[in-house]
Every structure is written in C-alpha cells, then in structure tokens.
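A short write-up of the structure that comes next.
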Ligand code: KIV
Ligand code: ZN
C-alpha cells in the first residue's frame, strides 16, 4: 500500500505574509474552505500573536473548518503559545507550531545566545504548548544551515518534550537537494526517538530548488510537506502544493500518495491568485496559463496525433478542461484545421489553403490568433469574392495635420482611386469612398468594438448605412482599426447592389 504524505498548507500564513497578499477574515475563510475541499490535511491559519486580524482569522477559520487540523504559529515564547491556544479554542482538531532558530547565524546574530540555551528554550516551548494541545509541531528555523549533529540533539530534545511533528525548514532556500535529503536521512538515522514524530519539510525557493528539496526530503523519510498554493510565500516563495501533489501522483513507483483531489487544483490556484492579487506566472508548472499550451507546429501536430507525445499530465487531472493549441505564426495547417473543426467549420483543401494564407498574414501582425479571429477568417472564405473591395488605403493624420485619406477601391474587378479630407482619418476615408460610388448613403450606426486583450489584437467594426429608406449592415475586423472601418463601410455598401 502507498505511504501517505501529509499536506500541510501554509498559504494563509507563510503565503499571506507576502507584501500585497494580505486577506481579510472573510477571504481567508473562503481560501480555507477551498483548501478543505482540495483535501489538505493541515491548514496553517496564521500567527495569532502577530496582530488582532491574524488572531481573529484563526478563530473564524477554526469555526468554519471541520476536517483539516488547524495550526497556529508561535515563537518559542510563552505568551505566543497562550494566545495561539486561545485562538484555536473552536478548532475541532488543533495544532500549535512553535520553534526557534538553530543555525549558527540565528543563534549568534539573531537570538544572541548559546546553543545550550536554544536547546532548553526549544524543549520548554514544546512542553508548554503540550499543556494546551496534544498536537505540537516544532520548527528548527534555518535548519537548512544548521549543523546536523546539533540539530539532531535539538530534535531529540523536543520529541522528548512532546513534539508530534518536527519541521526542518530550509528557511533561506540555500540547501542543494542532495544536502537537504541527507539532512533528513541524518535525522532519521541519528535521532534515537525519531519514530515518535513525523518529519516535516518546509522549503523556500530562493534558488529555485524548493520542490526538488521537498522531494528529496520525502524520499529520505519526511512524511509531511509544508507547501502553498501557487508556491507563494516569503521572498521567492515556498514549495508549491500543486507540484508535490502531481509529482507524487505521476511517479507511481515512489509508492506515495496524498489525499489531494487534484481536479480542484486549478480552481484553487485561481481563487488564491485572484484574492491575493498575485498573478500566476504563465510558465508556472501545473497551473500556469501555458502549462498545457502547445504553440510550435511540430508539438501541435504531435499532440493532435496523441496527447501523450508532449504531455505527461492530462490537464483534466488538475481541473483544466483540455490542453490548448495556441495558434501563432508557427502553427501548421493541421492545427488550424483542427480549430476550425472544433468551431464547427468543415472546409475542403482549397478553402483551408486560402484560410491558412489569410491566417499567416494575420498571425504576422498579432501574436496569438483566438477563436473569434478564426471565425472571422472562416467567414471571409464563406462570403466569396465581392463586387466592391478595398484595394488601397493611405491616411495621413496627427496633431496639427488635416486628416487626408486616399482610397483605392476595386469595383467589379477594376481599381478606382479617390482622395478626400475630413474631420478625422475615418471621416476622410469614408468621404473618399462616397466619391467612388454612385449611390447616396447615410451612416446610421458605427460601432468600434473594444480590443479584447492587448494593443495588437483585432479591432472589430459594425456599421449600418441607410440607402433609400433601407438599412444595410457591414462588418470587418483588422488589427488596423481605420482599415477595419473602411472595409466595414464598403461591406455595407456592397450589399446595396
Ligand atoms: O521558513 C521558516 O523557517 C518558517 C518557520 C516559521 C516555520 O516559515
Ligand atoms: Zn517559511
């Protein structure tokens, strides 16, 4: 049977410490409920002595949550422990997380004391916390840079004092994976009473090794991991929950499991990101926008033949509907045709060639082609050749310039030109168009639709013109909004005939 790895989530404590990520109590409850649904085992809800807001949040989360253990952080200080115990009074299952620095840096420069005194304070804090709760976790702050022999003595002492979990934080994210793994193994092999406690990892990502270090901790005997959603946390962050959950799920040969309902990973990631105003980087493993997106032609073709050619995780497993094929200038006909079919279009080879040609022209102008663009490209083919068509448009406009436009319009196969001025470039171009047609038209409605994503996106123009009491509708889309306007105007006029 697979061994269980306990998921201790510290999004609401180490994650929430990040400047700009602060949540109010209601938001924290929302996150805690999402974490409970996700299946985490322990929720570190806050550091109650640090502020009245943190205290209140621990109280309210304790009331709102049923299954996970609610944990409150303290320093190895009596008052901290008393306040934490009070904040946890409504928790169905509760844990106090107390600790002190054990590295030469912390002992000498932060706490300004001796290793012997640290050892005593550590054991005393655990003993005191056990007066309030049965479940006490001890953290040896900066264990990553602590000397193994001394660390082992501290861990032995705190377990003797009643610690149920011993946390070995790589507080500064300094350790190499090998080194961190060896530290956990050293404790497993050299702390006589280690079987009476669970070893926990708590890794920071300063050198981008938090996940690797956590994995090495697990491989060497840790059975609890301290993690956050999206890897948020102090400085470069903590180990990302979603990464550990999916590593353990993907590598069956480790014979390890978690109780995480991985299908809720994506929604939880976005909830935390939105509430904390902390965007998820596009290439973030598991939950980044590009984590299941394929943009190169070769990869797109491979994925369309068999998803597993380029994907080790089925996106559905983490709550993402499907992998996405991002259509760019590097996409091939196979990817374009696939998208056209998903959108309900069926074209023959010649039509696909025509759309592909237009697609490449558009893709050169904008980075990413979306479904709306594809529909428009497909629509252009449906309509076939038109009797009126914009062939050339040249405008000059700007501050202190009189807007002037020259329009070249193909009328039944022959190009005619006209130049006009106006109160703006669009007005000038429309007047030039009117000079080229024999009909009287009145512009009734002119709607330029807002760009959806970035300044390189398509602008869409809807136009209504009136001719002899009847309305005619025109539409166009182009990255150049003036061209789109003139095309839409001509589209409407062409319908009069
Ligand atoms: O990184 C760290 O050492 C911590 C402890 C308070 C557990 O966050
Ligand atoms: Zn930390």
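A few comments on the model shown:
- Taken over the stretch 465-496, the criterion of being assigned to a strand (DSSP E or B) and farther than 23 Å from residue 395 by Cβ is satisfied by 466, 467, 470, 471, 472, 473.
- The set of residues in the stretch 91-116 being within 34 Å of the chain's Cα centre (by Cα) and surrounded by fewer than 18 Cβ atoms within 10 Å (Cβ to Cβ) consists of 92 alone.
- Single residue of the stretch 1-16 satisfying the filter (crowded, with 18+ Cβ neighbours inside 10 Å and not in a strand (DSSP E or B)) that is nearest to ligand 2 (Cβ to nearest atom): 14
- Single match in 284, 263 (criterion: modelled with pLDDT of 95 or more, within 18 Å of the chain's Cα centre (by Cα) and farther than 13 Å from residue 38 by Cβ): 284
- When residue 316 is tested against (1) in contact with a helix residue (DSSP H, G or I) (Cβ under 7 Å, 6 or more places away or on another chain); (2) part of a helix (DSSP H, G or I); (3) touching a residue at least 12 places away in the same chain (Cβ under 8 Å), only condition (1) is not met.
- The set of residues from the stretch 196-214 being within 14 Å of ligand 1 (Cβ to nearest atom) and in a helix (DSSP H, G or I) comprises 210, 213, 214.
- For residue 345, the criteria (1) farther than 17 Å from residue 478 by Cβ; (2) at pLDDT below 90; (3) assigned to a helix (DSSP H, G or I) hold in every case but one, which is (3).
- Qualifying residues in the stretch 170-195 (those that are more than 16 Å from ligand 1 (Cβ to nearest atom) and assigned to a loop (DSSP other than H, G, I, E, B)) - the one farthest from residue 8 (Cα to Cα): 192
- The listed residues are 230, 238, 167, and the only one of them that is within 16 Å of ligand 1 (Cβ to nearest atom) and either in the same structural domain as residue 318 (by TED's automatic domain parsing) or closer than 15 Å to residue 11 by Cα (or both) turns out to be 238.
- Given (1) in contact (Cβ under 8 Å) with a residue 60 or more places away in the chain; (2) not in a helix (DSSP H, G or I), index of the condition residue 249 fails: (2)
- Any chance residue 373 is surrounded by fewer than 17 Cβ atoms within 10 Å (Cβ to Cβ) and not assigned by TED's automatic domain parsing to the domain that holds residue 488: no
Let's see how each residue does on (1) surrounded by fewer than 18 Cβ atoms within 10 Å (Cβ to Cβ); (2) within 28 Å of residue 367 (Cβ to Cβ); (3) outside the structural domain of residue 413 (by TED's automatic domain parsing):
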| site | (1), (2), (3) |
| --- | --- |
| 440 | yes, no, no |
| 466 | yes, no, no |
| 475 | yes, yes, no |
| 478 | no, yes, no |
| 482 | no, yes, no |
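- So residue 291, is it within 21 Å of the chain's Cα centre (by Cα), crowded, with 16+ Cβ neighbours inside 10 Å, modelled with pLDDT of 85 or more and in a loop (DSSP other than H, G, I, E, B): yes
- When the criteria are applied in full, residue 53 fails the requirement of being at positive phi and surrounded by fewer than 19 Cβ atoms within 10 Å (Cβ to Cβ).
Every residue, every condition in (1) within 13 Å of ligand 2 (Cβ to nearest atom); (2) closer than 19 Å to residue 121 by Cα, yes or no:
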{"residue": "133", "(1), (2)": "no, yes"}
{"residue": "142", "(1), (2)": "yes, yes"}
{"residue": "146", "(1), (2)": "no, yes"}
{"residue": "156", "(1), (2)": "no, yes"}
{"residue": "159", "(1), (2)": "no, yes"}
{"residue": "163", "(1), (2)": "no, yes"}
{"residue": "168", "(1), (2)": "yes, yes"}
{"residue": "172", "(1), (2)": "yes, no"}
{"residue": "176", "(1), (2)": "no, no"}
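The values are calculated or read from the model by the stated rules, or taken from the named source; none is laboratory data. Computed from a predicted model, the values in this text were never measured in an experiment. Heads up, the Cβs are rebuilt from the backbone with ideal geometry, glycines too, and the neighbour counts pull from every protein chain shown.
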